[in-house]
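Report on one structure; see the data block that follows.
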Amino acid sequence: MNTPHSTLHTAIRECADAVAATASGIRADQLGDRTPCEKFTVAELLDHLGETLVSSARAARKEPQPAGPATSGTSPAVVAESANRAAEAWSNPAAFEGSTEFGPGEMPAGLAATITLEELAMHGWDLARATGRAFAISEDAARVALGAVGEIAEGARASGLYGPPIPVSADAPAFHRALAASGRNPEWSA
């Protein structure tokens with residue numbers, strides 16, 4: 001994705017703010033609820049997103065990723081704070097340069113930023129939908145998220161992270177097209 005730093009970072013910041021707002025409102029009685037991401041309950045999605053965002057901040061700062069098992073029991077407050085820290089780490093233009101360690105190994109830093117945006121946008125929406133909240137981002141951020149989803153969709157589908165694309169109108173809002181491209185039904189409800 002050849003998106004300039006400022007455009008990608010602006011979308012990351014906006015989606016991180018939306019994730020933080022969503023996570024901050026999650027109640028304990030919602031942790032066992034299902035999400036649009038079929039593999040995860042709300043609690044499991046908080047764990048996944050929290051771990052990913054901590055790893056993303058390290059990737060932006062070019063710090064090594066720790067070895068060892070993932071943590072569990074990530075609270076909504078920790079996810080909100082992790083979203084903010086990841087966005088802050090990606091605010092530095094140098095974060096996008098060269099390569100970095102993220103996820104399964106080393107990759108171009110720009111790809112790590114793209115994956116960060118995709119995680120914030122798609123899983124932020126998953127959390128919002130599962131807990132009855134709005135996930136409001138601008139059309140500009142939605143278009144950048146659509147580009148991020150498009151960039152990783154083929155690989156994500158091949159590895160089972162995305163389901164088959166859901167048909168939507170070509171003139172549907174950009175965020176609906178991003179959700180559909182990731183295998184999510186934009187009309188999903190709990």
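The values are calculated or read from the model by the stated rules, or taken from the named source; none is laboratory data. The model shown is predicted, which means the values in this text are computed figures rather than measured ones. Note: ideal-geometry Cβ built from the backbone for every residue, glycine included; neighbour counts use all protein chains shown. For the accessible areas, the whole protein counts, side chains as well, though only heavy atoms, and no ligand, DNA or RNA atoms are used. Shrake-Rupley method; radii C 1.70, N 1.55, O 1.52, S 1.80 Å.
As an exercise, take the mean of 1/r over every pair of distinct alpha carbons in the chain, invert it, and state the Kirkwood radius in angstroms. Working shown, then result.
Numbers: mean 1/r = 0.0613 Å⁻¹.
With all distinct Cα pairs of the chain included, I get 16.3 Å.
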GluC sites (Glu not before Pro), loop per DSSP, at most 14 other Cβ atoms within 10 Å - longest free stretch of the chain: 98-186
Placing +1 at every Lys and Arg Cβ and -1 at every Asp and Glu Cβ, with all other atoms neutral, what dipole size does the chain have around its Cα centre, in debye to the nearest 20? 120
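Among the complete DSSP H segments of the chain, which ones combine at least 18 Å of alpha-carbon extent along their axis with a mean Kyte-Doolittle hydropathy of 0.0 or more?
On the way: long enough: 5-24 (28 Å, 0.21); 42-60 (26 Å, 0.52); 76-89 (20 Å, 0.13); 109-130 (31 Å, 0.50); 139-158 (28 Å, 0.26).
Counting only whole DSSP H runs, the qualifying helices are 5-24, 42-60, 76-89, 109-130, 139-158.
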What distance in nm separates the simple spin-label points at residue 187 and residue 170, each placed 7 Å from Cα in the Cβ direction? 2.1
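For residue 161 and residue 140 in one chain, what is 0.36 nm times their gap in residues minus the Cα-Cα distance, to one decimal in nm? Mind dumping the intermediate values first?
Working: separation 21, 0.36 × 21 = 7.56 nm, distance 2.51 nm.
Stretched fully, the residue 161-residue 140 segment lengthens by 5.0 nm.
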Longest span of the chain, sites excluded, free of trypsin sites (Lys or Arg not before Pro) in DSSP loop with at most 12 other C-beta atoms within 10 Å? 40-190
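Which value at 222 nm does the chain reach when only helices count, each DSSP H run of 4 or more adding -39,500 (n - 2.57), with the total divided by all residues and rounded to the nearest 500 deg cm²/dmol? Write out the running numbers ahead of the final one.
On the way: 6 runs with 103 residues, N = 190.
So the helix-based figure for the chain works out to -18000 deg cm²/dmol.
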Tell me, rounded to the nearest percent, the portion of alpha carbon pairs in the stretch 96-190 spaced more than 21 Å apart. 32
Provide the net charge surrounding residue 117, with neighbours chosen by a C-beta distance below 12 Å and charges set as Lys +1, Arg +1, Asp -1, Glu -1. -2
Can you send over the carbon and sulfur percentage of the accessible area for the chain, probe radius 1.4 Å, protein chains only? 54
Amide H to amide H under 5 Å from residue 100: which residues, 5+ apart in sequence or cross-chain, H placed 1.01 Å off N in plane? 107, 109
